[in-house]
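Read the structure below first, then the notes.
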Amino acid sequence: MLTGRIGDLHIDAGHTGRGHERAAREWAEGWCAERGARRVGVRLTDPALGEVFAAYGVRGQVRVRPVGAAPEPVDGVTERPMTQAEYTEWLAQEKEAYIDGIVRSGAMSRADAVHKSDQDFAELLPEGLATPDTTLLVLESAGEPIGTGWLKHGYLPGVTYGYSLHVHEAQRGKGYGRAAMAVGERATFAAGESALMFTVWGGNEVAMNLYTSAGYGILDEERSAELP
């Protein structure tokens, strides 16, 4: 599907609040449609434009939170390094969850999402458990596995990127989501970094609400809409 993109939408000072933002958005949509686009997307870094693009579906968000200290374990949840046997099973499940997240957000077809998953995991984990600057963890409660974690240190200067902090389905609804975030924050602090960043796909309101309640602000947001 041909997709247009609004790279920037700027209204000069003194002309905001008069409907000019909406007019500019509609002009951009028309321009894309005239050239055969069936969808238009935008990356929002200015919260003030959220209302202008309110009708656009949220396809993904980047969330970030400063980490100034290592938090204490929450609800007794601790972490340990992942074993090779656990890694093999985890990788298959993580790839499938990644595909599902992309498709649920409406960003891609399943076939395209499968292709993207294969490419991304090959690039991000070229040496499996031994991939440099990568932490792969098993989360435990009372000695029993309840989830997994995958973090990349040095993603940006001073920033750890959390590719995944996952609580097993059978363990959900027990308050372990915030405990998993604390695990990620401890790993971030242990790596000498000062912020933890995540991406959440659109349609995953449970994760979005968790990040908001845990103090993770929206750094930027991807939205898109179908064109006539």
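Every read-out reported here was derived from the displayed coordinates using simple, explicitly stated rules and does not represent laboratory data. From a predicted model like this one, the values you see are computed outputs, not experimental measurements. A quick note on method: Cβ atoms are made from the backbone with ideal geometry, for glycine too, and the neighbour counts reach across all protein chains shown.
A few remarks follow.
- Computed over neighbours whose Cβ is under 14 Å from that of T83, the net charge equals -3, Lys and Arg +1, Asp and Glu -1.
- The angle between the Cα long axis of helix 176-190 and the longest principal axis of the Cα atoms of the chain comes to about 80 degrees, rounded to the nearest 10.
- Computed from Cα atoms, the angle from the helix 110-124 axis to the main principal axis of the chain rounds to 50 degrees.
- Radius 11 Å from Cβ of Y176, net charge of other residues (Lys, Arg +1; Asp, Glu -1): +1
- Label-point gap, in nm, between A190 and L91 - each point 7 angstrom along Cα→Cβ: 2.2 nm
- Rounded to 5, the percent of DSSP beta bridges in the range 148-228 classed as antiparallel: 60 percent
- With the alpha-carbon atoms of the range 71-137 aligned to their principal axes, the span from lowest to highest coordinate is 40, 29, 20 Å, starting with the largest.
- Formal net charge of residues neighbouring H10 (Cβ-Cβ distance under 10 Å; K, R +1; D, E -1): -4
- Distance (nanometres) between label positions extended 7 Å along Cα→Cβ at A55 and L156: 3.2 nm
- Answer label, with Cα Rg over 2.2 N^0.38 Å calculated from the coordinates and candidates (1) 1.14; (2) 1.61; (3) 1.00: (1)
- Crossing angle, helix 20-34 versus the chain [Cα axis fit, 0-90 degrees, rounded to tens]: 90 degrees
- Helix-only mean residue ellipticity at 222 nm for the chain, each DSSP H run of n ≥ 4 adding -39500 (n - 2.57), per residue, nearest 500: -11000 deg cm²/dmol
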